[in-house]
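The values are calculated or read from the model by the stated rules, or taken from the named source; none is laboratory data. Values in this document were obtained by computation on a predicted structure and should not be read as measured data. Here the Cβ positions follow ideal geometry from the backbone for every residue, glycine too, while neighbour counts run over all protein chains shown. SASA here: full protein model, heavy atoms, side chains in, ligands and nucleic acids out. Shrake-Rupley method; radii C 1.70, N 1.55, O 1.52, S 1.80 Å.
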Amino acid sequence: PEGNPGSVFDSGRLTRDRPDTQPADAYAYDPREVKGRDVLMEDRSDRYLVDPLDAHWEDVLVYHSDPLESALTIAGVMKFVGNIALDVPDTDIAAEVQAVLPDGKTLVLGVDAIRARFRNGPDPDFAEPGEIEPYVFDGFYLTARRLPAGTRLRLVVFPLDSHQYLRNYNTGGELGRAPIDEARTANVSLQVGGEQASYLELPVAED
């Protein structure tokens, strides 16, 4: 990814080549502000078809590819490696891969999330403030979709702020027991250029 994203209309770019060194992209997440990022379904006959304009975009990182010149088949498990630095010991980060179809509709290809304290396994390992580390999002499960020419790929990186999950107050304290007045705002930085550029891997199938 590269660019200065901040909304679906003012996004960064997904490029095949590694971008040159550039400042990290960042967002701030305050767990005391309840927004609820549950996906809003446009058509209940296809639970993966959504309207992106119904989502909360003001504190997320958004990246778009150029339109596909020809049809592309994705078959397998996607992986996103985000080289990320925090200024808090713990927070929850989600990544979503979408396909923006030529007619403007959006298809969700996969969603994954990481709780920072468990980024390296089941034993808690709190983040060192300011240290850049790889966060490997490889829980998208199996994806099998043929995307027509003209489709744009979209990567969205955002704080996991959902009513379906236990809220993380970003303190490193015991989850579910710390009072909300101890909550901390997490500033999350994503490296987008140079040797530490974050990247998305897609399992492309030959026709």
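Restricting attention to region 155-207, which GluC sites (Glu not before Pro) occupy a DSSP loop and are surrounded by at most 10 other Cβ atoms within 10 Å?
Within region 155-207, the qualifying GluC sites (Glu not before Pro) (loop, at most 10 other Cβ atoms within 10 Å) are 174, 206.
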Legend entry - Simple label model, 7 Å out from Cα along Cβ direction - residue 195 to residue 33, nm: 3.6 nm
Legend entry - Label-point gap, in nm, between residue 15 and residue 138 - each point 7 angstrom along Cα→Cβ: 2.7 nm
Legend entry - Probe 1.4 Å - accessible area at residue 181, Å² to nearest ten: 120 Å²
Legend entry - FRET efficiency for residue 113 and residue 207, using Cβ-Cβ distance with R0 set to 22 Å, rounded to 0.05: 0.10
